[in-house]
1. Calculate for the chain the 222 nm mean residue ellipticity that helices alone would give, adding -39,500 (n - 2.57) per DSSP H run of length 4 or more and normalising by residue count, nearest 500 deg cm²/dmol.
2. Which Cα, out of SER102, TYR159, LEU148, lies furthest along the positive dipole direction of the chain (beta carbon charges, K/R +1, D/E -1)?
3. Apply the Kirkwood formula to the stretch 1-142: the hydrodynamic radius equals the inverse of the mean of 1/r over all pairs of different alpha-carbon atoms; give it in Å with one decimal.
4. Using 24 Å as the Cα-Cα cut-off, could you pick out the over-long pairs in LYS66/LYS280; LYS66/LYS218; LYS128/LYS280; LYS218/LYS280; LYS66/LYS271; LYS56/LYS81?
5. Choose one of LEU190, ILE120, ALA11: the residue whose Cα lies farthest towards the positive end of the charge dipole of the chain (beta-carbon charges +1 Lys, Arg; -1 Asp, Glu; about the Cα centre).
6. Taking the simple approach of a point 7 Å from Cα along Cα-to-Cβ for both ASN99 and PHE277, what is their distance in nm?
7. So if each residue of separation counts as 0.36 nm, and I subtract the Cα-Cα distance between LEU236 and ARG64, what length gain in nm does that give?
8. For the chain, with a Gaussian network of springs between Cα atoms less than 10 Å apart, report the residue from ARG210, ARG121, ARG275 with the top mean-square fluctuation.
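The values are calculated or read from the model by the stated rules, or taken from the named source; none is laboratory data. Because the structure is predicted, anything quoted here is derived from the model rather than measured. Note that each Cβ is placed from the backbone with ideal geometry, even for glycine, and that neighbours are counted across all protein chains shown. SASA here: full protein model, heavy atoms, side chains in, ligands and nucleic acids out. Shrake-Rupley method; radii C 1.70, N 1.55, O 1.52, S 1.80 Å.
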Amino acid sequence: MAHSIAPAAEALLDKALPVLDHGFVRLVDYMGSDDRIVQAARVSYGDGTKTVREDKGLIDYLLRHKHTSPFEQVVLTFHLKMPIFVARQHIRHRMARLNEISGRYSVMRDEFYVPAADTIRYQSKDNKQGRSHEEVPVELQQRVIELLEAEQRATYAGYEEMLELGLARELARINLGLSLYTEMYWQIDLHNLFHYLRLRIDPHAQYEIRVYGEAMAKAAQAVAPMAYEAFQEHILHGGSFGRTELDIIKTLVHDNLEEFSAILRQEGMRKGREREFLAKLGLTHKDLPEAPVAVEG
Ligand SMILES: Cc1cc2nc3c(=O)[nH]c(=O)nc-3n(C[C@H](O)[C@H](O)[C@H](O)COP(=O)(O)OP(=O)(O)OC[C@H]3O[C@@H](n4cnc5c(N)ncnc54)[C@H](O)[C@@H]3O)c2cc1C
């Protein structure tokens, strides 16, 4: 079977998608696409490619049933430029492979992240890890930017002075802050990229990593559009429930079967998926009331 070519991904290759003030996400390369997921899933019973509709259904089925290994057959390599504090968050994703610029080997460039004024917020009172939605007065936003820039200038001036004095790069760099930009090659398979995206494009994730996640989501969608659609349906905008939560939903549905059936008919899900959904709610098609027969006249 030939290399998989995804036209939208070809158009994206090597294009730096700008992120934050100096950063970017660049799709360097990819291996496999929706067709590779389908081939990998069907290899066990030697079945060839089917229609697009069947492929889409299979990919949706695989993701819905957490049969995730065929998604690992698709691999994306990114070139990322990001502030060190965002790179640190990426490094926690152990299933990715990476190579980062070395501050021992190279002179670090004078490029620091300064947040855009409208992203500067107070500490949230109800979310210990997040920003408040309350707006910060313009004068305070300007003050924050001045403080950040002054410290960045001072640490970089110290760094340059130590380099001029002939000190080792590995020592001169140690005071450079977390807002300094770094670069890395970051390679990840589609299964783990979906896991990363679920965590990092979520509103609970920090704004500065979310924007990298959003750019990488564009690349994932370009490489494997059917898989990305299934990811949106079952992972990004889907969810799972605990036993108590599910019991509450079941009670509501069982007490309102007429209304529930009407909504279900409107949705027009595929039969297999509808059967699975009913089973989650402790129901079968036999439990549903008959659709009302349209009366002419
Ligand atoms: C909103 C948010 C807040 C966070 N806050 C903090 C924080 O305050 N402090 C902090 O330290 N981290 C924090 N993290 C990082 C978080 O704990 C994870 O390290 C990070 O999200 C990577 O997830 P992961 O381990 O699932 O991914 P990966 O490392 O890519 O792993 C993917 C999956 O592989 C499996 N796996 C990988 N390695 C192992 C292993 N050694 N053993 C068993 N299974 C493994 C797991 O199933 C894992 O989910 C935060 C993350 C988010 C999204």
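1. Values: 12 runs with 136 residues, N = 297.
Taking each H run of at least 4 residues, the total per residue is -14000 deg cm²/dmol.
2. Working it through, the farthest residue towards the positive pole turns out to be SER102.
3. Details: mean 1/r = 0.0518 Å⁻¹.
Final number for the Kirkwood radius of the stretch 1-142 is 19.3 Å.
4. Working: LYS66/LYS280 15 Å; LYS66/LYS218 22 Å; LYS128/LYS280 35 Å; LYS218/LYS280 32 Å; LYS66/LYS271 19 Å; LYS56/LYS81 34 Å.
Correct reply: LYS128/LYS280; LYS218/LYS280; LYS56/LYS81.
5. My answer, from the dipole projection, is LEU190.
6. Those two pseudo-labels are separated by 4.7 nm.
7. On the way: separation 172, 0.36 × 172 = 61.92 nm, distance 1.20 nm.
Taking 0.36 nm per residue and subtracting the Cα distance, the gain is 60.7 nm.
8. Fluctuation is largest for ARG275.
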